[in-house]
Amino acid sequence: MLILVTYDVNTETAAGRKRLRKVAKVCVDYGQRVQNSVFECLLDAAQYAAFKAKLIALIDPKTDSLRFYQLGNQYKSKVEHVGRAPQWSQDDILLL
């Protein structure tokens, strides 16, 4: 299923800037950045649960926020894109 994740981490303190870097790193590990604080992630249910738990453990809920949008398996009909495209499609095979 395609999960769209957005986050807003308060960076007024050194601890906040550190949290921001950690949140971004976890998101990069699970998906593709499509805007500064927006990631698209193709995950199964177990991966999604682990990903969500990692992010929730990192943030300070008093100052930061996370949003998870579950677009499901039929996401291609639900996503409309205008402008510069991401580096690769979520369906592409990546060879590292």
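None of the figures in this text is laboratory data; all of them are computed from the coordinates on show. Here the structure is a predicted model, which is why all the values come from computation and not from measurement. Cβ placement follows ideal geometry from the backbone for every residue including glycine, while neighbour counts extend to all protein chains displayed.
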Requested in this report: Could you check the simple spin-label distance between Lys54 and Tyr69, using points 7 Å along Cα→Cβ, in nm with one decimal?
Outcome: 2.2
Query - Karplus (6.51, -1.76, 1.60) ³J(HN,Hα), θ = phi - 60°, over region 2-13, in Hz, Gly and Pro reported as x - result: 8, 10, 9, 10, 10, 9, 9, 10, 5, 10, 6, 10
